[in-house]
Amino acid sequence: MNEKKTYYTYMVRCCDDSLYTGFTTDLEHRMKAHNDKKGAKYTKARTPVTLVYYEQFETKQLAMQREAAIKKLSRQEKLQLIEARKNHENN
């Protein structure tokens, strides 16, 4: 059977308060990898990291496009995105 994958674009807040954006098919596994210093080179020296934002996509291409778009945002725009998601989840 061909199981449909879900792809995620996500942001984590690093221990130095910087933000890292990536994509994955398994958020829980990816967060563990980041915090075990087996994730991205950027986060290895900035653990622990905390998941602060994610979006779901049906294709890898869409997730990667969104990752690229988020990476182009300013820090302030990224923080606004995080805050908007937080407010949406609380309503």
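Segment 1-34 and segment 54-68 have Cα centres spaced 11 Å apart. Database remark: amide H of Gly39 closer than 5 angstrom to the amide H of His34 (H placed geometrically; neighbours at sequence offset of 5 or more, or on other chains; Pro and chain starts carry no H).
Please sort 39-50, 75-86 by packing, taking for each peptide the average over its residues of neighbouring beta carbons within 10 angstrom, highest first.
Working: 39-50: 15.0, 75-86: 12.9.
Result, highest mean Cβ count within 10 Å first: 39-50, 75-86.
Going by the alpha-carbon gyration tensor, a ≥ b ≥ c the square roots of its eigenvalues, is the chain rounded (a/c under 1.5) or, if a/c is not under 1.5, prolate (a/b greater than b/c) versus oblate?
Values: a/c = 1.61, a/b = 1.12, b/c = 1.43.
Judged from the Cα gyration tensor, the chain comes out oblate (a/c at least 1.5, b/c at or above a/b).
Using a probe of 1.4 angstrom, how much of the accessible area of the chain is carbon and sulfur, in percent? Don't skip to the answer; put the middle values down first.
Details: 3010 of 6310 Å².
Of all accessible area on the chain, carbon and sulfur atoms account for 48 percent.
For the pair Lys72 and His88, label points projected 7 Å from Cα toward Cβ lie 1.9 nm apart.
Straight-line cross-link reach from Lys32 at under 19 Å between alpha-carbon atoms covers these lysines, not counting any fewer than eight positions away in the same chain: Lys41, Lys44. Remark: spin-label model distance Lys5-Leu51 equals 1.7 nm, labels positioned 7 Å along the Cα→Cβ axis.
The values are calculated or read from the model by the stated rules, or taken from the named source; none is laboratory data. Values in this document were obtained by computation on a predicted structure and should not be read as measured data. All Cβ positions, even for glycine, are placed from backbone atoms using ideal geometry, and neighbour counts span all protein chains on display. Keep in mind that these areas ignore ligands, DNA and RNA; they rest on the heavy atoms of the full protein, side chains included. Shrake-Rupley method; radii C 1.70, N 1.55, O 1.52, S 1.80 Å.
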